[in-house]
Amino acid sequence: MAYLLNIETATKNCSVSLAKDGKTVALKELNDGGYSHAEKLHEFIKTVLVDTNISISDLDAIAVSKGPGSYTGLRIGVSAAKGLCFALNVPLISVNTMQSLAQSVTFKNSYVIPLLDARRMEVYSAVYKNNNSIRNVQAEIIDETSFNEYLDKNTVYFLGDGAQKCKALITHKNAIFIDGKFPSANEMSILSYQKYKKNDIEDVAYFEPFYLKDFVVTTAKKLI
């Protein structure tokens, strides 16, 4: 029996879950349109422990969403996770943010593309099918032909806070947009437990989030 604490702060959704053997037994999250992580994260951690009558010393590992996502949000989550790991002497597990977002829906034999808002018409995206990764995470600028290689083959479900701004451009008949989905610690539960069983852990001292920094190169203006 293993108790894992899952922390998700990559987007505006501040989310914490406590899982027992990969199943969420308590979840506390808030998505109020702003970044309330610094104020709410430790309160949420305390809440899920109190609600389940589990002592912090009973935790077997700490899992954190590793990105991509908000620079500040990721720093807050990773810092909290590292602090707990050091204090409790338990392993640190990282979970791909896009994978946990894709895990929130199940559509057999269809493509699922999680999209996280970057800036302007840029998004972070990945491609999954039957919960398996088809294409790794990358940053890209969305246009009318984006993801046509998947849309021409089958139904594609788009979700995440980057999906909303893509609706006007991606009008393919096979495109379906799902509203109201954010990365959540609830979906982290099974993913972190799978890594825990394989001892797939991070070096607490040296682990850094996956920021997927800006990929667009801008040309400096000439001084006159």
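Details
- Near Phe177, once Lys and Arg are set to +1 and Asp and Glu to -1 for all other residues with Cβ below 11 Å from its Cβ, the sum equals +2.
- Between region 18-75 and region 182-196, the alpha-carbon center distance in angstrom: 11
- Sequentially through region 7-12, phi angles give Karplus couplings (6.51, -1.76, 1.60; θ = phi - 60°) of 10, 10, 9, 6, 10, 6 Hz, Gly and Pro residues having no value and appearing as x.
- Cα-based radius of gyration of the chain once divided by 2.2 N^0.38 Å, which approximates compact folds: 1.06
- Taking region 1-64 and dividing mean pair separation by its residue count, relative contact order in percent (alpha carbons under 8 Å, at least six apart): 39
- Between helix 37-52 and the chain: long-axis angle, C-alpha atoms, 0 to 90°, nearest 10: 50
- Relative contact order [Cα under 8 Å, 6+ residues apart], region 105-178, whole percent: 33
- Region 133-209: trypsin sites (Lys or Arg not before Pro) falling in loop per DSSP and having at most 12 other Cβ within 10 Å: Lys153, Lys167, Lys173, Lys198
- Ellipticity estimate at 222 nm from DSSP helix runs (n ≥ 4, -39,500 (n - 2.57)) divided over the chain, nearest 500: -8000 deg cm²/dmol
- Sorted from greatest to least, the principal axis extents spanned by the alpha carbons of region 105-178 come out as 32, 23, 20 Å.
- Beta bridges by DSSP in region 105-178, antiparallel share as percent, to the nearest 5: 60
No lab work stands behind these numbers, since they all come straight from the coordinates. This is a predicted model, so every value here is computed, not measured. Please note: Cβ atoms are built from the backbone with ideal geometry, for glycine as well, and neighbour counts cover all protein chains shown.
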